[in-house]
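Any read-out appearing in this document is the output of simple, stated calculations on the displayed coordinates, not a laboratory observation. What you are looking at is a predicted structure, and each value in this text was computed from that prediction instead of being measured. Note that we place each Cβ from the backbone using ideal geometry, even for glycine, and neighbour counts take in every protein chain shown.
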Amino acid sequence: MKLFNPATDLDALRERLAQDGGLRVACYCAAWCRTCDAYRPALESLAARLPAWTFIWIDIEDSPEWLGDEDVEDFPTLLVQDRQGTRFWGTQLPHIEQLERLINGAGTLPVLHAGPGLLDRFASRT
């Protein structure tokens, strides 16, 4: 599966969120961040290897509504959630192996009351 970007793939992303009941992994970044630039190809590769999950690349300056009232102080800041809620919200070192371990165990993590809210709010209601 591809790495969705709400700035360029909004309709496809909304449709995916409306249909998908699986894990969602969002990476909050900025166009000027060189760490994010280096991280993106690894995230794209992970998205291709795990097509059942939805991966989203959110530039906080292009799509601030996807951040809600939250602030991002370091990059990459990651959101991992399922239909029950947020399982992880925070900064992680830009090593894709760490993210892969995190999402493989996401179902065992407690639901947090943190982060920008459920991504389902952006799903189309068709």
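Among the GluC sites (Glu not before Pro) in region 45-126, those placed in a DSSP loop whose Cβ has at most 13 other Cβ atoms within 10 Å are 61, 73.
Rounded to the nearest whole Hz, the Karplus-based 3J(HN,Hα) values (6.51 cos²θ - 1.76 cosθ + 1.60, θ = phi - 60°) of region 82-88 follow the sequence 10, 5, 7, x, 7, 9, 8, with x at glycine and proline. Dipole orientation for region 3-122: of the candidates 13, 29, 66, 13 has the Cα lying most toward the positive pole (charges on Cβ; Lys, Arg +1; Asp, Glu -1). Within the chain, the selection of entire DSSP H helices by a Cα span of 20 Å or greater along the long axis and an average Kyte-Doolittle value of at least -0.5 returns 34-49. If exposed trypsin sites (Lys or Arg not before Pro) are those in a DSSP loop with at most 12 other Cβ within 10 Å, what is the longest stretch of the chain that has none? After excluding every exposed loop site, the longest remaining stretch is 1-82.
Mind giving me the FRET efficiency for residue 61 and residue 102? R0 is 35 Å, r the Cβ-Cβ distance, nearest 0.05 is fine.
Working: r = 25 Å, r/R0 = 0.73.
E between residue 61 and residue 102, to the nearest 0.05, is 0.85.
Across all C-alpha atoms in the chain, the radius of gyration and Dmax reach 13.1, 38 Å.
When the chain is described by a simple charge dipole with +1 on each Lys and Arg Cβ and -1 on each Asp and Glu Cβ, the residue from 50, 112, 3 located farthest towards its positive end is 50. The H on the amide N of residue 88, modeled in the peptide plane, is under 5 Å from the matching H of 80, each at least 5 residues off or on a different chain.
Exposure proxy check: 113, 95 ranked by fewest other beta carbons within 10 Å?
Numbers: 113 8, 95 11.
By the 10 Å Cβ count, ascending, the order reads 113, 95.
For region 9-87, chymotrypsin sites (Phe, Trp or Tyr not before Pro) are listed when DSSP marks them as loop and at most 14 other Cβ atoms sit within 10 Å of their Cβ; the list is 32.
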